[in-house]
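Participant: After the structure tokens below, expect a handful of questions from me.
No lab work stands behind these numbers, since they all come straight from the coordinates. Bear in mind the structure is a predicted one, so any value in this text is a computation, not a measurement. Cβ placement follows ideal geometry from the backbone for every residue including glycine, while neighbour counts extend to all protein chains displayed.
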Amino acid sequence: MLRDWLDTDLPHMPGLFDAPDMAANTDIPFPFDADAFLVRIRRRRAQGIVDLAVTRDGGEPLGLVALHAAIGVLGYAIGPTHRRRGMASRSLRLMTRFCHEELGFTRVRLSIVQGNVPSQRVAESAGYVRSDDEVIERTNGLGQLKPLETWHWIAPVTSG
């Protein structure tokens, strides 16, 4: 289940996001500051970027998914102790379906740090494929430039 982030989530955030590997593969800063991150989430909402908490039942957050609604770009991050349980794949499929069915996107994109095999597996399991688009460099949460590959999901062609 996905939901908005709440002030009551602050104590859970460091356990999810305060990790060098998280920062190396995302733009989540390390060391992590939960208060600043919650402010960032709320600021991004005003910019059309929606960050949602990944939960099992609407309770404790286990990670996040992000949607840049104007351009159909998704992102995801699951806390280290909650990985390898299929939550990232399920969340990505849910958001992809939302982008297609509710927002009308026929193509949804991801940017994955080159060599991030676990994230590539998540993308593949959710129906994404690596594109031939040029690799771009972006700054990660450690302030390092990292090469990003574009992955995309394309809506199936329906006859009718």
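Participant: Checking Cys99 against (1) surrounded by 12 or more Cβ atoms within 10 Å (Cβ to Cβ); (2) under 27 Å from Pro14 (Cα atoms); (3) touching a residue at least 12 places away in the same chain (Cβ under 8 Å); (4) not aliphatic (A, V, I, L, M), which test does it fail?
Facilitator: The failed condition is (2).
Participant: Still on this model: Just one of (1) in contact (Cβ under 8 Å) with a residue 40 or more places away in the chain; (2) part of a strand (DSSP E or B); (3) among the hydrophobic types (A, V, I, L, M, F, W, C) trips up Ala66, so point out which.
Facilitator: Here Ala66 clears every test but (1).
Participant: Hey, Ser91 hits all of (1) within 20 Å of Leu67 (Cβ to Cβ); (2) surrounded by fewer than 18 Cβ atoms within 10 Å (Cβ to Cβ); (3) of a type in the set (Ser, Thr, Tyr) but one; which does it fall short on?
Facilitator: The number of the failed condition is (2).
Participant: Related question: When residues of the range 143-160 are filtered for being more than 15 Å from Gly72 (Cα to Cα), surrounded by 16 or more Cβ atoms within 10 Å (Cβ to Cβ) and not charged (D, E, K, R), how many remain?
Facilitator: 1
Matching residues to (1) part of a helix (DSSP H, G or I); (2) of a type in the set (A, V, I, L, M, F, W, C):
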position	(1), (2)
Met22	yes, yes
Asp35	yes, no
Val50	no, yes
Ala53	no, yes
Ile71	no, yes
